[in-house]
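Undergrad: So that we are looking at the same thing, I have put the structure below in structure tokens.
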Amino acid sequence: MLLWYNLNMANVERNASIQAKTKKKKRQYIFNIFIVFIAAILVGYFALKDDYQAVLSSIAQADWKFAVITVFVLFLFYAIDGLIIFVFARLYTTRYAWHRGLTVSFIGKFYESISPTRNGKFAQVSTLRKQQIKVSSAASMIIMYMILSQIVKLGIGLFAMIFHFESLVRNASPIVIGSLKIPVSIFALMGFILNALIITTLFLMAHSKKLHDFIINTIITIGTKLKIIKYPEESRAKLKVGTDNFRVELKRLQSNIRVTVLIVILFILKYICLYSIPYLIGSSLVNAPLVDAANNSFYFNSLSMNAFLEMITKLIPLPGGAGISEYTFVRVYQDMFTTAGIVADSANPERLVYSGQILWRFFTFYFGLIVGAFVSAFYRSRLEDESDAEFAAKSFHEIQSETLSEREQTSMINELSKKEIKQRLKQRRRNKRNQNKNINQDDD
């Protein structure tokens with residue numbers, strides 16, 4: 001009787017803990033959505049307050065052909081993202097359709113938009129789980145997605161730094177903080193260095209146990225003494241799990257080179273689509289392709305400016321980059337839009353950047369937020385039973401930690417099976433050569 005009572009009380013406490021975690025998550029999401037829409041109202045006010053008629057007039061007179069191309073490119077962006085999920089899923093099951101990957105993409109976009117760290121990965125794992133993908137496989141897919149996504153972004157950022165950083169320094173308006181005027185290029189450089197440092201450190205830690213132990217023990221200890229790190233043991237655990245996950249999934253990517261190359265190409269196409277949107281919007285506003293005073297196309301310059309913009313906004317942890325994204329867009333693109341407006345003889349060319357800001361933010365953020373919200377609400381993702389509720393209370397870090405051992409085993413089996421196949425092929429070729437030799441000897 002006492003044993004039954006203790007078990008019952010333990011279940012009650014566990015359920016209460018799960019419910020508390022789930023409610024806390026929901027409250028945080030609601031608060032973040034509130035911040036996003038307050039930021040949207042404030043940004044709209046500041047964009048329109050000086051000359052709302054000129055801003056709205058330029059939007060109303062935009063070239064519909066470029067607008068149609070913009071919408072097509074946006075759908076292509078999501079289609080490619082869904083295709084990336086589809087290709088990853090086909091590593092684990094043959095029963096997976098592209099439209100399911102598209103669903104995962106939209107749901108991830110929604111939760112990414114309302115998360116300060118822009119992390120919709122838990123929601124994507126949860127959706128994949130409901131699509132009959134094992135949790136360990138889903139976690140593997142999303143971690144590989146993150147690795148290749150960051151590598152491709154770093155490559156695009158490097159391209160922007162090499163070819164267009166001087167243009168950013170020369171043309172971008174400074175970021176004003178009180179009486180300080182800080183060049184945008186400084187923030188872009190900081191964002192690029194931070195991203196490169198994270199990726200490089202993870203690569204080195206995954207391959208060097210000495211560096212791994214040095215950072216886990218020495219660096220975190222120093223950070224704790226300097227009051228930079230509050231919870232050293234928790235930080236060590238998270239860093240160790242993150243590094244182990246990176247190492248396991250990196251090995252899986254290296255053992256599937258063809259798939260990895262295909263995914264990298266898809267990511268490049270995906271980000272080209274996304275980074276092309278400011279150029280297309282600007283072209284629609286001036287009713288002509290964006291060019292400078294010497295009639296040179298702004299296309300590649302515009303791609304790089306968008307890459308710089310993303311580097312900057314990632315430095316500040318706000319839900320969806322609310323407010324800072326719009327402000328930085330104006331700082332980065334103002335000279336480009338104004339110059340193109342003057343060349344095209346547009347009315348009020350200096351106000352075009354604010355029209356572009358409104359359209360750009362709608363297409364790249366609010367469209368995905370709205371569609372993602374509908375998909376999240378109506379796609380079979382209602383949490384019904386106890387196991388679903390327990391899963392929903394977890395974090396992506398907990399999922400990574402719980403599934404790490406299983407994913408390590410599958411990675412090793414995959415590697416062993418490939419080696420076995422190669423050995424069998426070598427043995428078959430050897431047997432065939434020996435057989436041919438015997439035939440030739442018999443003929444002699």
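Undergrad: Arrange the following residues from fewest to most other Cβ atoms within 10 Å of their Cβ: 314, 209.
TA: Ordered from fewest to most neighbouring Cβ atoms within 10 Å, 314, 209 come out as 209, 314.
Undergrad: Which cross-chain or sequence-distant (5 or more) residues have an amide H under 5 Å from the amide H of residue 175, H modelled 1.01 Å from N in plane?
TA: Long-range HN contacts for residue 175: 182, 184.
Undergrad: How big is the charge dipole of segment 98-235 about its Cα centre, in debye rounded to the nearest 20, if each Lys and Arg gets +1 on its Cβ and each Asp and Glu gets -1 on its Cβ?
TA: 280
Undergrad: Taking neighbour counts of Cβ atoms within 10 Å as a proxy for exposure, in what order, fewest first, do 270, 251, 227 appear?
TA: Listing 270, 251, 227 from fewest to most nearby Cβ atoms yields 227, 251, 270.
Undergrad: Between residue 182 and residue 293, 0.36 nm times their residue separation minus their Cα-Cα distance comes to what?
TA: Contour length minus the Cα-Cα distance gives 37.3 nm.
Undergrad: Calculate one ³J(HN,Hα) per residue across segment 358-364 by plugging θ = phi - 60° into the Karplus curve 6.51 cos²θ - 1.76 cosθ + 1.60, and present them in order as whole Hz with x for glycine and proline.
TA: Listing the rounded values in order: 5, 5, 4, 5, 5, 5, 8 Hz.
Undergrad: What per residue convex hull volume, in Å³, do the alpha-carbon atoms of segment 70-162 yield?
TA: Per residue, the Cα convex hull of segment 70-162 comes to 110 Å³.
Undergrad: Another question, if that's okay. Which whole-angstrom value gives the distance between the alpha carbon centres of segment 81-97 and segment 180-223?
TA: When both Cα centres are located, 32 Å separates them.
Undergrad: Order by neighbour count: 94, 70, fewest other Cβ atoms within 10 Å first, most last.
TA: So the ranking, lowest neighbour count to highest, is 94, 70.
Undergrad: Can you compute 3J(HN,Hα) from phi for each residue in segment 197-210, using the Karplus curve 6.51 cos²θ - 1.76 cosθ + 1.60 with θ = phi - 60°, rounded to whole Hz and x for Gly and Pro?
TA: Values, residue by residue: 5, 5, 5, 5, 5, 5, 4, 5, 5, 5, 10, 10, 5, 4 Hz.
Undergrad: Could you give the length gained by full extension between residue 132 and residue 69, i.e. 0.36 nm per residue of separation minus their alpha carbon distance, to one decimal place?
TA: Result: 19.1 nm gained on full extension.
Undergrad: Quick query: amide H of residue 229 versus all other amide H atoms, modeled in the peptide plane; which residues come in under 5 Å with a sequence gap of 5 or more or a different chain?
TA: 224
Undergrad: Past 23 Å, Cα to Cα, is the threshold; run 153/210; 209/238; 121/210; 251/314 against it and keep the listed order.
TA: 153/210; 121/210; 251/314
Values quoted throughout were computed directly from the atomic coordinates according to the rules given, and no laboratory measurement underlies them. These figures come from a predicted structure and were not determined experimentally. Backbone-built Cβ (ideal geometry, glycine too); neighbour counts: all protein chains shown.
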